[in-house]
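The structure appears below as structure tokens.
The values are calculated or read from the model by the stated rules, or taken from the named source; none is laboratory data. Note that the structure is predicted; figures quoted are calculated from it, not measured. Quick reminder, even Gly has a Cβ in these numbers, built from the backbone with ideal geometry, and neighbours come from all protein chains shown. With ligands, DNA and RNA removed, areas are computed over all heavy atoms of the protein, side chains included. Shrake-Rupley method; radii C 1.70, N 1.55, O 1.52, S 1.80 Å.
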Amino acid sequence: TAAVEIDVRAWTLGTTAVSGARSYVAEADEVAARAGEEGFVHLDTRDSCGLPLVASTGEWRASVAGPDRVAVPVGRVRDLLDGTYQVHFTPRLPGAHTIEVAPLDGSLSAPVQGVVDVLPERDSDPSPPTTPPPPS
């Protein structure tokens, strides 16, 4: 029988890089927020094989544009430490909002994009309508 020798000193340990084509906004085409209230979406980062990146991939920047194509305030991009991130934003208008997310290190040639829906503001007067007292 022949013996096989493996020199582990020659091995290198590598990590897979994030793939913009495989990563996605989890709530794409769904309701993500209500106008006037903070909402968030999840960014699910994947490698080029489509496998989840279970470790932090660094810091990300995000931009959100409303249906009028005006920038929407973005609060923070929170690392959930499992390869997913929460992108917090506060929409002003109801309708379709475009989200773009990219790593700060510039490792993606194009940002991860998604479109989410925003519902109208809640009724500003939550009290029930008053009815006049019955005639006496």
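Here's the yes/no breakdown for (1) touching a Lys or Arg at 6+ places or on another chain (Cβ under 6 Å); (2) modelled with pLDDT of 80 or more; (3) under 15 Å from GLN86 (Cα atoms); (4) not in a strand (DSSP E or B):
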residue	(1), (2), (3), (4)
GLY14	no, no, no, yes
GLU27	no, yes, yes, yes
GLY58	no, no, yes, yes
ALA62	no, yes, yes, no
PRO67	no, yes, no, yes
ARG76	no, yes, yes, no
Given the criteria within 18 Å of VAL25 (Cβ to Cβ), of a type outside the set (Asp, Glu), surrounded by 12 or more Cβ atoms within 10 Å (Cβ to Cβ) and in contact with a Leu (Cβ under 8 Å, 6 or more places away or on another chain), does VAL118 qualify? yes
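If you go through the stretch 31-41 one residue at a time, how many are open to solvent by 50 Å² or more (accessible area, probe 1.4 Å) and either over 20 Å from GLY75 (Cα atoms) or in a strand (DSSP E or B) (or both)? Walk me through how you get there before you give the answer.
Here is the first cut: in the stretch 31-41, the ones open to solvent by 50 Å² or more (accessible area, probe 1.4 Å) are 31, 34, 36-38, 40.
Remaining after also requiring either over 20 Å from GLY75 (Cα atoms) or in a strand (DSSP E or B) (or both): 31, 34, 40.
Looking only at that region, the number is 3.
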